[in-house]
Amino acid sequence: MVKYALRRLWQSLVTVLIVLTLVFLLMRLLPIEGYFADNYDKMTPEQREAVLDSMGLLDPWYVQLQRFYGDLLRGDLGTSVVYRPNVAISEIIAIKIPYSVRFGLAAIVISLVSGLAMGVRQARDKGRLWDKTWTGYIVFINAVPPAVYLLFIQLYVTQITRLPILYRRDNPVSWILPAISMSLGGIAGYAMWMRRYMVDELNKDYIRLAKAKGMSNKAIMVKHVMRNAFVPMAQYLPTSVLLTISGSIYIESLYSIPGMGGLLVDAIQRQDNPLVQALVLIFSTLGIFGLFLGDVLMAVFDPRIKLEKQGGSR
Amino acid sequence: MKKVLPVLLLCALFLAGCAAPQATQTAATARPSADFKTVYAGELTTLNYLVTGTTVEQEVAANGIDGLIEYDNLGILKSSLASSWEVSKDGLTWIFRLRKGVKWITWEGKEYAEVVAQDWVDALKYSFNPKNASKTANIAYEALKNGAKYYKGEITDFGQVGVKTSDKYTLQYTLEKPIPYFLTMLSYVSFLPVNGKFLNEVGAKFGTDNKNILYNGAYIMSVFEPQNMRVLVKNEKYWDAGNVHIKKLEYKYNKEASTLAPVLFLRGDISGTGIPTASLDEWMKDPAKKAMVHPATTSFYSYFYAFNFDPKFDAQYEPDNWKIVVNNANFRKSIFYALDRKAAMITAEPYAPERRLSNTITPKTFVTNAGKDYTEMGPLAAIVARDSFNKTQALAFKDKALAELKGKAKFPVKMPMPYRSDLSDWSNRAQVVEQQLEGLLGKDFIDIIPVGYPATNFLGVTRRSGVYAIQECNWGPDYADPETYTDPFFPGGTYNWPEKATGYIEANGKGKYENMVTAAKAEVVDMTKRSNLFAEAEAFLINEAFLIPYAVGGGGYVATKLEPFTYPYAPFGMSELKFKGQIVMDKPMDSAAYDVAYKKWQQDRVAALQKAATSTK
Amino acid sequence: MMSANERSALQAIEDQSLFTFAEYDEQAAERTGYSNYSYWGSTVRVFLKNKVAVALLLVMMSLLIFTIVQPLLPGQKSPTKIHNDPQTGIQIRNHKPGGEFWFGTNSIGQDLWARIWSGTRTSLLIALLVGIWEVLFGIVFGALWGYVRQLDALITEVYNVVSNVPNTILMMLLAYIMRPSFQTMVIAMCATGWLGMARFVRNQIIIIRDREYNLASRCLGTPTSRIITKNLLPYLVSVIVMRIALSIPGTIGWEVFLTYIGLGLPIHIPSLGNLVNEGRAAMMSPSLRYQLIFPAVVLSIITISFYIMGNAFADASDPRNHF
């Protein structure tokens, strides 16, 4: 296992380097005018050159790349040039990450607990009232675009319950609605897939044997079905947790939460290259690491899964 | 529109040789006002006012830093940090004497240093250094002696640039050539002061947040949390504290501000909101809501539909064919008279669309000389009096064009018309204009092809590259003189290259428009004559249908508790962003009361302008 | 002494008429076990038993047929034509549903009824094209990735690189280079859409690739392609079908998101994404809500139908449910 882990780690490093270089080059395919917001017409050619120079964009691309990696090795994530000029990127991100992580983790906990519980209950009561109503919820969440139902919730739930519309740090009550809204999609997702996997498991022969053996339904659910049904979902768990730092673009826009959601999209649209590169570095590292952890978690849950070649097997 | 008299050009006219009005500041007492709360979607990237060109960021400078002059709510230029000034007879040297005892304040409200003339020199030294990448430096360095040379590196001694201090409180500007409207340029960010010592201390961190900048204006930014909120509080040590009524300005960031603002306003969380076009019907039909709504003023951004005289678009749209037809005046005029501008405007302003339509490129009340508004001068008066939309004329010109172009051009003429596909208003308008023009002139005559582009580098890919036949363009003024609205069409501009039109070349090898504008620019003594020459040039462009003037910006409706007509009024620059002088009332004003207030404001303004004009005699 | 039962049994054995010789019948010897069980046949039969799913299938089919047929019906208006009031020459803006305009008009006077059907057609076409690509490319890719160990390292690399380059950059570049259009949208979505399916299939395959029956197949020398198509994929049919069923509404939802951040189809090509976003702006005014409700209802019908059909089909494709 250790050898496998080390191999994956090395592979991940290579991947991150490839991704970073690719993103670096792609960003430079975007037009020069994009660096000037709307002021392009009003500036003289000398001024435009001065602006590009201050962003380090006049050097040939390999020089710029070298500079980027050089800074990175020294632990410097760079300074933003458009989003907040002359401010260290680590500073920008450090302020925002706690917000996204807190809300993201809260949302995951809520969705996991509620979603899995619902999915189990649905599988158990398959075809009956509980299954049907909860299916209705799942379908609704999947059918209506989040942009619509989130706005709807924000406007009408706050009207009825008098919860505050916008998030404020000093007002804990204003944290509730965004956290719950964020978890709605997750609940539906976990419930739906849990139900599907559990229904598949319940059909298997060994369950029939367990019933014939005289095991109670509850014991069967807990000891056999749930564990097996959960295996495919374990894959995604580490990635979800790690990527909470990317925030939810919809929720944070609607509730004025100064988190990371939308930061990447903003940075790309404004062509703030150092910020984009730093963010891609962080997200890709976490994403790749999450993929690896997910594989490991799957193998932990299901001993039949062998990630690496064993002697004798093909 | 009423004829009004801004003192801008009058002042310049009478200042040649005489001293400016003395700064008589009556000690005003602050009036009671509630706090101002709002939500916003465009976040500031920096507070460094010496570098940024974005309006949102200049708002901080407008409220936190005072310059040499300012405008009052009637649009009269008044002294701010300069208590008096004079200009030499040749118009090249301006001398400003500063008000004494004004202090630079830190974000915590502590005094840092006194404001002195050297601060203006330090500011220019900073912005003229290309390494600092100032986006607005060109306004200053093109005006001052040796400014451009220093910026390009041809001179390395800053002492040779036309700005210096004669003593601690006296500032002197030397210009490259006489600029009659120089005073009006001083209200812009390019000419604001900065404390040199502080700038050196904080270095590259200047303006990165509210702590790394000094204030000498009406407000201090006490809280700055990007993507969250910012708070400005009244500067109690401000030299003109009596005229600052709102004590606190609270801004909360929300990406969905335009959608949520009306709801927040109705719940009393914010002081004012714009009414989105889609909801306007709703608000006007509900009597309770209607009572809170009044029209918003239009701006001085000018919108027009330009015909491209140097087409570089794709072969599938037949650019050569377009080049032939666009040089035929009757063809252009047929489209000029066929455009139903009101129908197009309804996509953005469903109520009272006429308010925003403009028959000229230069908006009304931008500039006035000797009692006459610029748009009433010379041939422009006739243009302003009529609406360009005229079916019979359009069809008459169509017939003439067909007769003249028979055999030379292919019909229908393909006309690619770019628009931004991520803007729903513009997308809608493109469809309306296409169907309206084709419906009137016939699909056998023209084939307008709306082409959608993403926001990324839209202007670079379309207008600047000449990849259009007809396109909706806009231009905002850079200074208070009609010359600013000639910049897009003068050779070197990147709008529609009228100099490439055949049939207008004069004896000296240059286009007629270019010659007219050059002559106008040369007139720096008689302002009325100058305006008249510009008016003739503009009328020429319009009458020969080089473009179709469309509209001015701004407009729409707002529901707000801010008392109208209390903010410093000016045709360009940052004055409108200032909160000095504004008041937050208990209740919003409705349209009827607004109209009354508007009429009174116009009368006061006329009176004030006349007074200012006569007092300098 | 024998019991009565034994006596009657003995008598039966002695009774010759009860017995006949068992002849050797060559034909009969050749006959092997026969059952008329067909996997897909049974799947379809079980599926059809689910009344709700069948009903929704009919709904979807009629929706599909209607979107194709609608322009050919008499009296239909063009989705892009702007309607002007004949007296004033001004656009008929925001007209409530009824009379001449069955679904009302939008803010510049275009017929919403025609726009919704045209938009549904466009969105379904995009979703279908992307879905087909996802299935073909994603499943094949994912299966190879999961099963062939030698490829695992390489493909994980490719997957990681492609999935970690932000979608937004790719979308922005594509929109900038090729300009927003139908083709750009399809290409952009296909370029990144297959990732989810590939990873999903790969995970499922990892779970079952070393089960005993697969080891047995490998021992027997079965070629990889046959193992994948006969051993692995059929096992996964139910979950794969679920995924396919949701990819169609998923693509439409993704289109809504792209339009939200400004990278969607140009507005003069109606699509459900555009219509939902336009309607969202009008959501605040009760009298204009119909502009949001109609596209949202159509979108919901599509999603609900595919979800329920997908679920029902997944249930039906599990052989343990066949009888």
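The values are calculated or read from the model by the stated rules, or taken from the named source; none is laboratory data. A quick note: this is a predicted structure, and the numbers were derived from the prediction, not measured. Every residue, glycine as well, gets a Cβ built from its backbone with ideal geometry; the counts of neighbours run over all protein chains shown.
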Look through the stretch C:267-295, keep the residues that are hydroxyl-bearing (Ser, Thr, Tyr) and touching a Ser or Thr at 6+ places or on another chain (Cβ under 7 Å), and return whichever of them is nearest to B:ILE275 (Cα to Cα).
C:SER285
Any residue at all in the stretch A:3-24 that is aromatic (Phe, Trp, Tyr) and closer than 30 Å to B:ASP478 by Cα?
no
Whichever residue in the stretch B:474-500 is without any contact (Cβ under 8 Å) to a residue 24 or more places away in the chain and assigned to a strand (DSSP E or B) and, among such residues, is surrounded by the fewest Cβ atoms within 10 Å (Cβ to Cβ):
B:PRO491
Taking the stretch C:296-309 and keeping only residues that are more than 7 Å from chain A (Cβ to nearest Cβ) and either hydroxyl-bearing (Ser, Thr, Tyr) or touching a Ser or Thr at 6+ places or on another chain (Cβ under 6 Å) (or both), one is left with C:VAL298, C:SER305
Go through the residues of the stretch B:77-84 one by one and say whether even a single one is surrounded by fewer than 21 Cβ atoms within 10 Å (Cβ to Cβ) and over 25 Å from B:GLY196 (Cβ atoms).
yes
List the pairs whose first member sits in the stretch A:48-70 and is more than 15 Å from A:VAL81 (Cβ to Cβ), whose second member is assigned to a helix (DSSP H, G or I) and of a type in the set (A, V, I, L, M, F, W, C), and whose Cβ atoms are under 8 Å apart, counting only residues at least 6 apart or on separate chains?
A:TRP61/A:PHE24; A:TRP61/A:LEU25; A:LEU65/A:PHE24
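Taking A:ARG7 as the residue in question, decide whether it is over 27 Å from B:LEU50 (Cα atoms) and either in a helix (DSSP H, G or I) or among the aromatic types (Phe, Trp, Tyr) (or both).
Working: over 27 Å from B:LEU50 (Cα atoms): yes; either in a helix (DSSP H, G or I) or among the aromatic types (Phe, Trp, Tyr) (or both): yes.
Considered against the rule, which asks whether it is over 27 Å from B:LEU50 (Cα atoms) and either in a helix (DSSP H, G or I) or among the aromatic types (Phe, Trp, Tyr) (or both), A:ARG7 comes out as yes.
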Residues (within 30 Å of B:THR368 (Cβ to Cβ) and either in a loop (DSSP other than H, G, I, E, B) or touching a Cys at 6+ places or on another chain (Cβ under 8 Å) (or both)) located in the stretch B:156-187:
B:GLY162, B:GLU176, B:LYS177, B:PRO178, B:ILE179, B:PRO180, B:TYR181, B:LEU183, B:LEU186, B:SER187
Among (1) closer than 23 Å to B:GLU256 by Cα; (2) part of a helix (DSSP H, G or I); (3) touching a residue at least 24 places away in the same chain (Cβ under 8 Å), which single condition is A:LEU166 missing?
(2)
List pairs: first residue in the stretch B:262-276 and surrounded by 17 or more Cβ atoms within 10 Å (Cβ to Cβ), second residue among the charged types (D, E, K, R) anywhere in the structure, Cβ distance under 7 angstrom, at least six positions apart or on different chains.
B:ASP269/B:LYS37; B:ILE270/B:LYS37; B:SER271/B:LYS37; B:SER271/B:LYS561; B:GLY272/B:LYS561
Within the stretch B:427-441, considering residues that are touching a residue at least 24 places away in the same chain (Cβ under 8 Å) and more than 9 Å from chain C (Cβ to nearest Cβ), the one surrounded by the fewest Cβ atoms within 10 Å (Cβ to Cβ)
B:LEU440
In the stretch B:362-379, the residues that are farther than 22 Å from B:GLY556 by Cβ, among the β-branched types (Val, Ile, Thr) and in contact with an Asp or Glu (Cβ under 7 Å, 6 or more places away or on another chain):
B:VAL367
Quick check on this structure: which one of A:ASP131, A:ASP205 is of a type in the set (Asp, Glu), under 20 Å from C:THR303 (Cα atoms), surrounded by fewer than 22 Cβ atoms within 10 Å (Cβ to Cβ) and within 14 Å of chain C (Cβ to nearest Cβ)?
A:ASP131
In the stretch A:77-87, is there at least one residue being surrounded by fewer than 20 Cβ atoms within 10 Å (Cβ to Cβ), in a helix (DSSP H, G or I) and not hydroxyl-bearing (Ser, Thr, Tyr)?
no
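With the structure loaded, tell me whether A:VAL2 is farther than 30 Å from B:PHE458 by Cβ and either away from chain B (no Cβ under 11 Å) or among the small types (Gly, Ala, Ser) (or both) or whether it fails that test. Break it down stepwise before answering.
Details: farther than 30 Å from B:PHE458 by Cβ: yes; either away from chain B (no Cβ under 11 Å) or among the small types (Gly, Ala, Ser) (or both): yes.
Taking the combined requirement at face value, the residue satisfies it.
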Subset of the stretch B:478-516 that is within 20 Å of B:ILE548 (Cβ to Cβ) and in contact with a Ser or Thr (Cβ under 7 Å, 6 or more places away or on another chain) - its residue that is nearest to the other protein chains (Cβ to nearest Cβ)
B:TYR485
Are any residues in the stretch B:490-531 within 24 Å of the chain's Cα centre (by Cα), closer than 25 Å to B:ASN327 by Cα and not hydrophobic (A, V, I, L, M, F, W, C), and if so, which ones?
B:PRO491, B:GLY492, B:GLY493, B:THR494, B:TYR495, B:ASN496, B:PRO498, B:TYR513, B:GLU514, B:THR518
Which numbered condition in (1) farther than 16 Å from B:GLU472 by Cβ; (2) small (Gly, Ala, Ser); (3) within 14 Å of chain C (Cβ to nearest Cβ) is the only one that B:ALA343 fails?
(1)
Which members of the stretch C:196-230 meet the condition of being more than 9 Å from chain A (Cβ to nearest Cβ) and closer than 21 Å to A:ARG196 by Cβ?
C:GLY196, C:MET197, C:ALA198, C:VAL201, C:ARG202, C:ILE205
Taking into account only those residues within the stretch B:121-138 that are buried (at least 19 other Cβ atoms within 10 Å of the Cβ) and either small (Gly, Ala, Ser) or out of contact with any helix residue (DSSP H, G or I) (no Cβ under 7 Å at 6 or more places or on another chain) (or both), which is nearest to the other protein chains (Cβ to nearest Cβ)?
B:ALA133
Which listed residue is at negative phi and under 23 Å from the mean Cα position of the chain (by Cα), from B:PRO564, B:PRO588:
B:PRO564
If we only count helices (runs of 4 or more DSSP H) wholly inside the stretch B:361-452, which ones have 3 or more residues that are polar (S, T, N, Q)?
B:424-441
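Specify which of the listed residues (B:PHE309, B:PHE304) is farther than 30 Å from B:TRP107 by Cα, in a loop (DSSP other than H, G, I, E, B) and touching a residue at least 12 places away in the same chain (Cβ under 8 Å). Walk me through it before giving the result.
Values: B:PHE304 fails: in a loop (DSSP other than H, G, I, E, B).
Only one candidate qualifies: B:PHE309.
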Suppose the filter is in the same structural domain as B:ALA370 (by TED's automatic domain parsing), part of a helix (DSSP H, G or I) and of a type in the set (Lys, Arg); does B:ARG605 pass it?
no
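For (1) within 20 Å of A:PHE283 (Cα to Cα); (2) small (Gly, Ala, Ser), each residue gets a yes or a no:
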{"site": "C:ILE155", "(1), (2)": "yes, no"}
{"site": "C:TYR159", "(1), (2)": "yes, no"}
{"site": "C:SER181", "(1), (2)": "no, yes"}
{"site": "C:VAL186", "(1), (2)": "no, no"}
{"site": "C:ARG226", "(1), (2)": "no, no"}
I'd like to check something: does the stretch C:131-138 contain any residue that is crowded, with 22+ Cβ neighbours inside 10 Å, over 21 Å from the mean Cα position of the chain (by Cα), away from chain B (no Cβ under 14 Å) and over 21 Å from C:ASN277 (Cβ atoms)?
no
